[in-house]
Amino acid sequence: MFETIDQVVTLLHQQRYICDRKLATVIFLALKMNKPVLIEGPAGVGKTELAKTVARALDRSLIRLQCYEGLDEARALYEWEYGKQLLYTQILREKIGSLFAEMEDLRAAVEYLRQHEDVFFSEHFMVRRPILQAIAAPEPVVLLIDEIDRAEEQFEAFLLEVLSDFQVTVPEIGTIVAQHPPLVCITGNSTRELSDALKRRCLHLAIGYPDEERELEIIRLKVPELRDHLARQVVSLIRRIRAMDLRKAPSISETLDWAQALVLLNVDQLNRELVEETLQLVLKYDRDVQQVSAQLPVLLDGADGAARVTFDNMDLREQQERYRSNERVYFSSRREE
Amino acid sequence: MDVPITRFVALLKRHGIAISPAEVIDALQGLALAGIDDRETVRVALRSTLVKQCQAIAEFDRLFDLFFNLPAPSKPASPEAPGDAAVTLLPDERSAEAPDAVRAELAPVELATDQTTRAPVTPEREGVDLSLFGQHLLLKQRNDPGQDGYKPTFHVNARQNPGLPGGGELSTGDPGDDIDLGGALEALLADLRALEVDEALLEQLEAQLAGSLTRLPDLLRRYRARDAALHKPRDAATAPPRRSYRFNDHERRQMDEIIRRLGRQMRGALSYRRTANRRGRINVSRTIRSNLKYDGVPFFPVLANQREERPRLTVICDVSLSVRTTARFMLHLVYSLQSLFSRVRSFVFVSDLAEISAEIERSSLEETIDRVFSGELINTEENSNYGRALEIFYERYRSAATSRTTLIILGDGRGNRNPPNAWILEALRRRCKQVIWLTPESRGSWQLGASDMPTYAPICHKVEVVRNLDQLGRVAENLVRSAFANRR
């Protein structure tokens, strides 16, 4: 268990995850307050990774629920095992028959059966899905509910009971309360607005693109083979690309992929052909690739020098806004030349 | 600690950030756990517990900075001053340091007055609490441990000392009051003289008070400026609807979000058709039927599911001169619709009608808009002719309107006195699941000039006035709301 915020930072760092104090504070609070964390941010900034790392750092097992359209409670909470129930009924047919032999009329038989129906609706016949698994786990776990915005709004309603009280109610059995409240991490790409009820029950953590130094630090940690000056160039260029108006801006995972590729290609210096050839790793849409390669000379020109703007703790939109206005000035001055 | 936080929450709420009482409790709990030693920690603890919308984070940060940033004393008071000065302002041998102390002490008063003006029924305790917390933040942030714990005591004493700066008069926050304050001080000095205290000390005190009095207006001005900044309405909300045709990232995201919301609505309720599926509920009749071969023993349960219908959209957009101001917005809407949903067919028309689904698939939003207005596809300089466009659509593209499609028409319905061909729209209505007409013109102006909207409107399932993102958002909201009403 984490005792101080700084300890969170160190432990996560030991697990090869670089985070700032902000992030660590939220994780610390979530653990201390027994609250779920809702992590939002663009794809590929390490939301899922954070949950995995926290699980490792705490030495807890991770139970993951990947959300998708059409996810229902039968897949997320629990399900009755119909097949097994039917099979048991068949096998026990003789036994059941003998039990009913002495019943004088049908009414009594039904009454007798009703008294014993809980045999077939016991935990024995229940398939535990991730959420119930996490609740019923004998030791504390980390429950990761990934990309919740992919699931429908109705699904959020199933989660509410779990998130606020760490319990699951099964009508046939009763309420199962967690012995050890799990640390719940919910990730989302904010593709749709989550319901207020869900948000109210969570601590909110918005992860944006990291600042330049932190991104460099991440590259150094994850791709130590990449030479330092090249890493700087990569980060600088990525940040310039991010500032452009793209359908999907490259995030940390793309940066890392690219850095890895540059190591494999044994590159010494970024140049235009090379970047054009490898741009597919960074950008996921054809249109984006075309747009970036059209402006590549300018972008590379800028990437050589030191970064022109310093970005501290600005939020994502601010960063992009700032970048773009910067870029506009830059481009217009070039055109005048 | 709870009072300043609830005040801060009230401020956030006034600026449009929704916060529930449960979240306030969380915030206090969080602060207690995380500690209030470090300003950034406090910020994160409050933000993660109170602010759940990514869009509101910037606003939160701005308000946090304003609220918890006390105007600092111009020079830190000497560390040994506190204890004695706190007891009383009456001069002693160290009173040379007192001006500093007075200045330092005014800072908390400033914040306290700020609070009392907003919520008048506050006993002085709260002001003390607030300054305790605020100063704690401020002092720690400046890494000046010597002063810790000093100013609060000073402040308490100042407050209990009637007639000294920091008393009740200041609390009104009205600059006019400083004259009364001066009078009160004068009276106090006269009383002191009557008590025959040492003259030299009295003079010192007088000079000192004069100093703080002259600073008072300036102080109040600063307080007012800060107050004004806190009360300033958000510019974004009050700004007039944007007319720019270039779409920035934020607008694009907003548009996407609204359209997703629309889409969820248009997807409609669950269909009655149940299909066998790997998951779902047991379908008794099918289970029995398929298990007849096992002597009627339901060995393999058949599960069935209600399928949700996917939205199928057909969008027809007017790009003529009369709607030129909104046409780009409308095209943006069309573009977003097609990029977000899988089964969308898009058409533009003036007098001719052309399909642009393929264009949208191929090129970016700006390129599409440029291409449409370049006149390559259709002649955009003509007068719009709704009747003809509808006819062409009906003749050639009728297949795009089936019983499962929602037809969206974007346009002002001004057909320049050409025959409106309303029967085609009626026929389309019968074919389609739903016909929605989004027009940029408000209902009042339909009667003016040659508008066919009064003819078309009753045929459509829904007619909405949309000319910017806000309105589009509202339309989406209404659609959702009416859907819920129908379900009940």
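The values are calculated or read from the model by the stated rules, or taken from the named source; none is laboratory data. In this text the structure is predicted, and so the values were computed from the model without any measurement. In this analysis, Cβ positions are derived from the backbone assuming ideal geometry, glycine residues included, and neighbour counts consider all displayed protein chains. Keep in mind that these areas ignore ligands, DNA and RNA; they rest on the heavy atoms of the full protein, side chains included. Shrake-Rupley method; radii C 1.70, N 1.55, O 1.52, S 1.80 Å.
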Inter-probe distance in nm under a simple model that places probes 7 Å from Cα toward Cβ, at B:E251 and B:K13: 3.5 nm
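Between B:Y294 and A:F120, what is the FRET efficiency for a Förster distance of 25 Å, r being their Cβ-Cβ separation, to the nearest 0.05?
Numbers: r = 19 Å, r/R0 = 0.76.
The computed FRET efficiency comes out at 0.85.
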Taking Cα centroids, how far is the stretch A:120-141 from the stretch B:398-429 in Å? 55 Å
Pulled fully out, how much extra length does the chain show between B:R62 and B:A190, if you take 0.36 nm times their separation in residues and subtract their Cα-Cα distance? 41.4 nm
Run through the stretch B:405-450 and list the trypsin sites (Lys or Arg not before Pro) located in a DSSP loop whose Cβ has at most 16 other Cβ atoms within 10 Å. B:R417
Can you tally the net charge around A:I173? Count Lys and Arg as +1, Asp and Glu as -1, for every other residue whose Cβ sits under 10 Å from the Cβ of A:I173. -3
Calculate the spin-label point distance for A:Q269 paired with A:R16, positioning each point 7 Å from the Cα along the beta-carbon direction, and give it in nanometres. 3.2 nm
Taking every other residue with Cβ under 12 Å from the Cβ of A:R287 and scoring Lys and Arg +1, Asp and Glu -1, one gets -2
Suppose R0 equals 60 Å; then what is the FRET efficiency for A:M103 and B:A450 from their Cβ-Cβ distance, rounded to the nearest 0.05? 0.10
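Net charge around B:L321, counting only other residues with Cβ within less than 12 Å of its Cβ (Lys, Arg = +1; Asp, Glu = -1)?
On the way: positive: B:R324, B:R414; negative: B:D318, B:E381, B:E382, B:D412.
Net local charge, B:L321 excluded: -2.
Please give me, ordered by residue number, the GluC sites (Glu not before Pro) of the stretch A:81-111 that lie in loop per DSSP and have at most 10 other Cβ atoms within 10 Å.
Working: sites: A:E81, A:E94, A:E102, A:E104, A:E111; in loops: A:E81, A:E102, A:E104.
The qualifying sites are A:E102, A:E104.
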Short version: ³J(HN,Hα) in whole Hz for each residue of the stretch B:50-60, in order, from phi by Karplus 6.51 cos²θ - 1.76 cosθ + 1.60 (θ = phi - 60°), x for Gly and Pro, what are they? 9, 9, 10, 9, 4, 5, 8, 5, 4, 5, 4
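Of the listed pairs A:K248/B:K13; A:K248/B:K433; A:K32/B:K13; B:K13/B:K52; A:K32/A:K199, which have alpha-carbon separations greater than 22 Å here? It would help to have the intermediate numbers written out before the result.
Numbers: A:K248/B:K13 33 Å; A:K248/B:K433 34 Å; A:K32/B:K13 27 Å; B:K13/B:K52 13 Å; A:K32/A:K199 18 Å.
With Cα atoms farther than 22 Å apart: A:K248/B:K13; A:K248/B:K433; A:K32/B:K13.
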Ordered by number, the residues of the stretch A:63-95 that have at least 40 Å² less accessible area in the complete protein assembly than on their own chain alone (1.4 Å probe) are A:E69, A:R75, A:Y82, A:L86, A:Q90
Along the Cα→Cβ direction, 7 angstrom out, place labels at B:S339 and A:D196. What is the inter-label distance in nm? 3.1 nm
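A plus B alone minus the pair: what accessible area, both sides summed, probe 1.4 Å, in Å² to 100? Let's see the in-between values first.
Numbers: alone 17970 and 25000 Å², together 39250 Å².
Counting both chains, the buried surface is close to 3700 Å².
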Helix A:153-165 versus the longest principal axis of chain A: what angle, 0 to 90°, nearest 10, using Cα atoms? 80 degrees
Give me, ordered by chain and number, the residues 5 or more places off A:G44 or on other chains with an amide H under 5 Å from its own placed amide H. none
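Taking only DSSP H segments of four or more residues, each worth -39500 (n - 2.57), what value at 222 nm results for chain A once the sum is divided by all its residues, to the nearest 500 deg cm²/dmol? Can you show the working numbers first?
Numbers: 17 runs with 183 residues, N = 337.
Taken over chain A, the calculation gives -16500 deg cm²/dmol.
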Tell me the Rg and the Dmax, in Å, that the Cα atoms of the stretch B:305-423 produce. 14.2, 52
In the stretch B:436-467, whose amide N lies under 11 Å from the spot 7 Å out along Cα-to-Cβ of B:A422? List them in ranges. B:452-460
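Based on the inverse mean of 1/r over its pairs of different Cα atoms, what is the Kirkwood hydrodynamic radius of the stretch A:193-272, in Å? Walk me through the numbers before you get to the answer.
On the way: mean 1/r = 0.0700 Å⁻¹.
Kirkwood hydrodynamic radius for the stretch A:193-272: 14.3 Å.
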